Every structure is written in C-alpha cells, then in structure tokens.
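> Got a structure for you, questions after.
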Amino acid sequence: MKVDELKQKIEQGDDMLILDVREKEEFDAEQDPIPGAQNVPMGKIFVEAAQGTLPKDKEIVTVCASGSRCQIVARELKEKGYHIEELEGGMKEWR
C-alpha cells in the first residue's frame, strides 16, 4: 500500500488495524507517528497471530522503518489467511 492510499483510508475513518512492527525504542522515538498505529515488534507479531489475538476479519497494514520487516510480516500472515498489506517504503516514505 502506498502512503497516499493509507492517508486517505485514515482520513475516511476506514476500519483497519495499523501495526508498527519496529522495536519499541524505534516506535517510541518516532517524531511523526502514523495516527492510531499500534506497536507490536516483529518478533512478537507471530506469537500474537498464533494466539489468535490478531483479527482476520479486519484489514491490517504493517509498518516499519523502510518497508523490509513489514513486507516479511505481511507475506507470512497473508499465508495464514490475514487480510494484510505493508506500507511501501515504511516510515521513510510516510515522512
């Protein structure tokens, strides 16, 4: 998903879950966070999915610093039946 598309979805109030998969320190240091984004580091996201705490009936958008980690997470969770996309270019593109 491109930044413009995500910004439009946020402005429209679309019902989605934005997961920032960066480490807590990276997330906490962010100067321009994505509104409503929740921090679940990449290492924990698969545990959350295995425990069934991630919704399969809601669009999920993954975010990281440059797009690499969120692409891996999105690919793996897509294979498990999640409606998920990654933010292309990550926070570098968001800024």
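> Fully extended, how many nm does the chain gain between Lys58 and Glu93 (0.36 nm per residue separation, minus their Cα-Cα distance)? Intermediate results must be reported in sequence, preceding the final value.
Working: separation 35, 0.36 × 35 = 12.60 nm, distance 2.39 nm.
Contour length minus Cα-Cα distance gives 10.2 nm.
> Further question on the same structure: Can you tell me the alpha carbon radius of gyration of the chain divided by the globular rule-of-thumb value 2.2 N^0.38 Å?
On the way: Rg = 12.1 Å, N = 95, 2.2 N^0.38 = 12.4 Å.
With N residues counted in the chain, Rg over 2.2 N^0.38 Å equals 0.98.
> Using a 7 Å offset from the Cα along the Cα-to-Cβ direction at both Glu23 and Gln38, what is the distance between the two label points in nm, to one decimal?
It works out to 2.3 nm between the two label points.
> Go ahead and estimate [θ] at 222 nm for the chain from helices alone: -39,500 (n - 2.57) per DSSP H run with n ≥ 4, summed, over the residue count, rounded to 500.
Details: 5 runs with 42 residues, N = 95.
Helix-only estimate at 222 nm: -12000 deg cm²/dmol.
> Before anything else, pin down the relative contact order of the chain: Cα pairs under 8 Å, at least 6 apart, normalised by residue count, whole percent.
Working: 150 pairs, mean separation 30.3, N = 95.
32 percent.
Computed from the coordinates by the stated procedures, all read-outs in this text should not be read as laboratory data. Source: prediction; values computed, not measured. Note that we place each Cβ from the backbone using ideal geometry, even for glycine, and neighbour counts take in every protein chain shown.
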